[in-house]
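Q: Sending over a structure as structure tokens; questions will come in a sec.
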Amino acid sequence: MPALVAVLAGVLGLLTGVVVNRAAGRFPWPGGEKRAAVRPPVVELGTAVLFVLVALRFGLSWDLPAFLFLAAGGVLLTVIDLRHRILPNRVVGPSVVIGAGLLTGAAAGEHDWPALLRAGLGAVVLFAVFLVLALISPKSLGMGDVKLAGLLGLHLGWLGWGAVLLGAVAGFVVQALVALVLLAARKVSLRGELPFGPAMLLGAALVVGWSDALLR
């Protein structure tokens, strides 16, 4: 059964990657270019692999759809942020609503309403923390990053408060490592600016993937 779920998730991820790549290529909507944002099959295969990993992490569970949806939205936001340096409200906002709905269904299926409450509080806490950081240093964090923090806090909160804390820190660690690598390769200068959204998403993905081991 786990193998079958992983295979089905991979196929779904491949199809989702096609849609995501085309949607990112057409951003800003409407009126963007009618072509893929990244030459296939990078996004398509990457999304398929990500879906397989999510399926292996959660198995055939009630919360699997919520984290598959987060993976799809995360890929779309990553591609757009890397290309345009923006995390569009038209993606982040609906993702929060849909994610909350899917986690509500998971809470009902698992009879785990405390986890849903913790997810909601996690979203509020991370949103508030990143809002304060953005007000202190608006050149380092934008409001798109703040709203993305709320989305990630929702899903990390479902897993536990430890995941919320690790997810928040992991984004900064990933960003620092990427900056060091790019500086060493002379791809960016000391005054260069990197989008923070992809680092936040990768950091959260790492925490979600290893949350069982990290939070025991």
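Q: Divide the volume of the convex hull of the Cα atoms of the range 94-216 by its number of residues and quote the answer in cubic angstrom per residue.
A: Taking only Cα atoms, the range 94-216 has a hull volume of 101 Å³ per residue.
Q: Then there's this: List the trypsin sites (Lys or Arg not before Pro) within the range 42-151 that fall in a DSSP loop (any state other than H, G, I, E or B) and whose Cβ has at most 14 other Cβ atoms within 10 Å.
A: Arg85, Lys139
Q: Taking the Cα centre of the chain as origin and charging only Cβ (+1 Lys, Arg; -1 Asp, Glu), how large is the dipole, in debye to the nearest 20?
A: That gives the chain a dipole magnitude of about 800 debye.
Q: Report the Cα-based extents of the chain along its three principal axes, largest first, to the nearest Å.
A: 50, 39, 34
Q: Under 20 Å Cα to Cα from Lys139, which aspartates and glutamates show up? Leave out anything in the same chain fewer than 8 places away.
A: Asp81, Glu193
Q: What figure in square angstrom, to the nearest 10, would you give for the accessible area of Thr104 with a 1.4 Å probe?
A: Rounded to the nearest 10, the figure is 60 Å².
Q: Right, next: Over the chain, what is the relative contact order in whole percent, taking alpha-carbon pairs under 8 Å and six or more residues apart?
A: Answer for the chain is 17 percent.
The values are calculated or read from the model by the stated rules, or taken from the named source; none is laboratory data. Please read all numbers here as calculations on a predicted model, not as lab measurements. Cβ coordinates were reconstructed from backbone atoms using ideal geometry, including for glycine residues, and neighbour counts include every protein chain displayed. In case anyone asks, the SASA skips ligands and DNA or RNA and just uses the protein heavy atoms, side chains included. Shrake-Rupley method; radii C 1.70, N 1.55, O 1.52, S 1.80 Å.
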